[in-house]
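Since the structure comes first, as structure tokens, the remarks are kept for the end.
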Number of protein chains: 2
Amino acid sequence: MSDFDSDFDLVLPPSVDVREVGMRDGLQLEAPVPLAGKLAMLEALVATGVRRIEVTSFVSPKAVPALADADQVAAELGQFSGVRFSALVANARGAQRAVDAGIADLEYVVSAADSHSRANAGRTTSEAVGAVGEIAALAHGAGGSLEVIVATAWDCPFDGRTALDRTVDVTRAAVTAGADALCLGDTIGTTTPLRVVRLLDEVRRVSPGVPLGVHFHDTRGTGQANALAAIQAGVTQLDASVGGLGGCPFAPGASGNIATEELVYWLEDSGVATGIDLDAVLAAARVTEDAVGRELPSSLYRAGGKNAPRGAFQPA
Amino acid sequence: MSDFDSDFDLVLPPSVDVREVGMRDGLQLEAPVPLAGKLAMLEALVATGVRRIEVTSFVSPKAVPALADADQVAAELGQFSGVRFSALVANARGAQRAVDAGIADLEYVVSAADSHSRANAGRTTSEAVGAVGEIAALAHGAGGSLEVIVATAWDCPFDGRTALDRTVDVTRAAVTAGADALCLGDTIGTTTPLRVVRLLDEVRRVSPGVPLGVHFHDTRGTGQANALAAIQAGVTQLDASVGGLGGCPFAPGASGNIATEELVYWLEDSGVATGIDLDAVLAAARVTEDAVGRELPSSLYRAGGKNAPRGAFQPA
């Protein structure tokens, strides 16, 4: 018998806290969706039971025309209760805009890789870290909190692998400068389970007690395996996107963020509570598909849900 | 900090033995591919370095017209070395055909769920188990071996969940009747990591020392997470299909078997040797796509490989 270990026990937490990022990461690369479509999507997402929604991004409308209506979206949030809404900001000016619009829980992205940081934000990693303190002060002053999302935490599309120490240094500096929470982003969907666990271990060793989430893309089919590894390693805060929205629309069929419904499906089926109703997520995916006008990549959504049988001959 | 366990260590084996099933499970539901196309696919698959290929199925040409040329495919195998070729059979008659065609390593499917067994093979689970002895004798008589693949090991499209004891009973009976190896099939792509581990644990407890593999479909996006869980639980024999071929072609975009290239990608990146060259699998996927004439579902293949950068703005 070639089996190497039969003493394994799959230990999962009692619950996982999903953050729905379809309205931000999902929509940012799409053709702009009219406000009415976004509000239909938002209503459907709130109805899923998800407790955290990253609802938009306060960034330059030139850079991200799809989210140019961030203020208008923010103005609609008062009608919903039981959900913690947050927004991504690109700099202190965006943070001020968010706070003025009534959103005090902020995410701010720092690219661990310099080339990605320059291409994406027009500054080095070090310069990006330098803005954490001011943004944190704005969030805190408004009664909110700041999470720093470390982009290209594992790999950069230009520089290749990001050195583990480099990513860890960014997380340490962010916490020192006032970040309340951290999130590690697999921006281009290239990391894999062992590297996920190794980086998580090191970040936690350096910043014990700081809430730590993960943000995976399913670009290479490994997103849910990475999620499983991260959860086993103790992470309970995961980003996911309804329908797997978030792929580059210029690459047809490319997957985006890990799909909320796929994550919820296997977690709930494995006894991990998410507070999210799977059928409601599938309904939200239909609303989202209408809003963006293209097929969503989620396999579970396309399969018609968890129970849809296969009709054809299928011996194994 | 809501993390529940920071002592986790992701333990993976030094190597995993992938069985390529694209030519059998992948092609069986497609429009028949001409022999020349299959041989091009076979040549490309052999070039990947994979050590086991399930190359066809000896079943009724009426039930599976796509594999009606099993004898012709088998006649071509002598030109390849270093690969263990096997074939799936539906009954003793098919086993005799396979052996006569020169393939002595056989897979035989038994559905653990009666409804699937009746719909798929026209007989009950018990009747299907009753044929194991004769098929094993045919394989052994030809110097080969018999693996019993338990279909609907976790769920049936008609009966819903398959009771764990029922699947375990089938594995026990198969081994008693002469099966040399076992494989658990998630036929409709519905199982999830915790149920994977629980069933594997029980099957191994009942049949210690019997080689045990897994056969996952990625229909609901959980295939690679299930593979990770199975590997952590000690399994080193996994079925996968080039390009993720194996979805029902009548459901456009539906995923099939877990994609060989996605499995190889994360395993090798996590330090687990597969003996398989990723670029060669991607080349084989292109050959396969040409042969079947439709887009393959594999995300990694569609993303253009492991290193393809994202061109557009992508902050996190």
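Read-outs throughout are calculated quantities, based only on the coordinates presented, and are distinct from any laboratory measurement. The shown structure was predicted, so the numbers you read here are calculated from the model rather than taken from an experiment. Positions of Cβ are backbone-derived with ideal geometry, glycine not excepted, and every protein chain shown enters the neighbour counts.
What the phi angles of region A:142-151 give under the Karplus curve with 6.51, -1.76 and 1.60, with θ = phi - 60°, is a coupling list of 9, x, x, 9, 10, 10, 9, 9, 8, 6 Hz, glycine and proline written as x.
The same position B:Leu39 in the other copies lies at 6.5 nm from this copy, comparing label points 7 Å beyond Cα toward the beta-carbon, shortest first. Using θ = phi - 60° in the Karplus curve 6.51 cos²θ - 1.76 cosθ + 1.60, the 3J(HN,Hα) couplings for region A:261-269 round to 5, 6, 5, 4, 4, 6, 5, 4, 5 Hz; x is entered for Gly and Pro.
Relative contact order of chain B, taken over Cα pairs closer than 8 Å and 6 or more residues apart, is 20 percent.
Across the identical copies, the label point of A:Ala283 (7 Å from Cα in the Cβ direction) is separated from its matches by 5.1 nm, in order from shortest. Legend: mean number of C-beta atoms from other chains within 10 angstrom of residue C-beta atoms, peptide B:65-78, equals 0. Summarising the amide proton neighbourhood of B:Val89: residues at separation of 5 or more, or on other chains, whose placed amide H is nearer than 5 Å comprise B:Phe58, B:Glu107, B:Tyr108, B:Val109.
Remark on A:Asn257: its backbone amide H falls under 5 Å from those of A:Asp218, A:Gly246, A:Gly247, a criterion applied only to residues 5 or more positions apart or on other chains, H modelled at 1.01 Å from N. Each copy carries a label point for B:Ala137 at 7 Å from Cα toward Cβ; from one copy, the others' points are 8.7 nm away, ordered from shortest. Tell me, what HN-Hα J-couplings in whole Hz come from the Karplus equation 6.51 cos²θ - 1.76 cosθ + 1.60 at θ = phi - 60° for each residue of region B:58-74, using x for Gly and Pro? My calculation for region B:58-74 gives 9, 10, 4, x, 6, 6, 9, x, 5, 10, 5, 9, 3, 5, 5, 5, 4 Hz in order.
The convex hull around the C-alpha trace of region A:51-141, projected and averaged over every direction, spans 6.0 square nanometres. Per-residue packing, averaged as other Cβ atoms within 10 Å, sorts the ranges A:145-151, A:132-138, B:21-27, B:72-78 into the order B:21-27, A:145-151, A:132-138, B:72-78, beginning with the highest.
Kirkwood radius and radius of gyration were both taken over the C-alpha atoms of the protein assembly as shown, and their ratio Rg/Rh is 1.00.
With a threshold of 29 Å on the Cα-Cα distance, the over-threshold entries among A:Lys306/B:Lys38; A:Lys38/A:Lys306; A:Lys62/A:Lys306 are A:Lys306/B:Lys38; A:Lys62/A:Lys306.
Projected over all directions and averaged, the alpha-carbon convex hull of region A:1-119 occupies 11.8 nm². Of the three principal axes defined by the Cα atoms of region B:202-244, the extents in descending order read 33, 16, 14 Å.
Translational diffusion coefficient of region A:76-235 at 20 °C, 1.002 mPa s, Stokes-Einstein with Kirkwood Rh over Cα pairs, in µm²/s as a whole number.
Roughly 135 µm²/s, to the nearest whole number.
Once you keep just the Cα pairs under 8 angstrom separated by 6 or more residues, what percentage relative contact order results for region A:159-277? Computed value for region A:159-277: 21 percent relative contact order.
Over 20 Å apart: what share of the alpha carbon pairs of region B:122-203 falls there, rounded to a whole percent?
In whole percent, the long-distance tail amounts to 33.
Ranked by the mean number of other Cβ atoms within 10 Å of their residues, highest first, the peptides A:233-245, A:85-97, B:39-51 fall in the order A:233-245, A:85-97, B:39-51. For region A:17-302, a simple Cβ point-charge model (Lys and Arg +1, Asp and Glu -1, everything else neutral) yields a dipole of about 580 debye relative to the Cα centre. Arranged from fewest to most other beta-carbon atoms within 10 Å of their beta carbon, A:Thr125, A:Thr288 become A:Thr125, A:Thr288.
Here the dipole of the protein assembly as shown is about 580 debye; that uses its Cα centre as origin and unit charges on the Cβ of Lys and Arg (positive) and Asp and Glu (negative).
Over chain A, the Kirkwood radius and the radius of gyration, each from Cα atoms, give a ratio Rg/Rh of 0.96.
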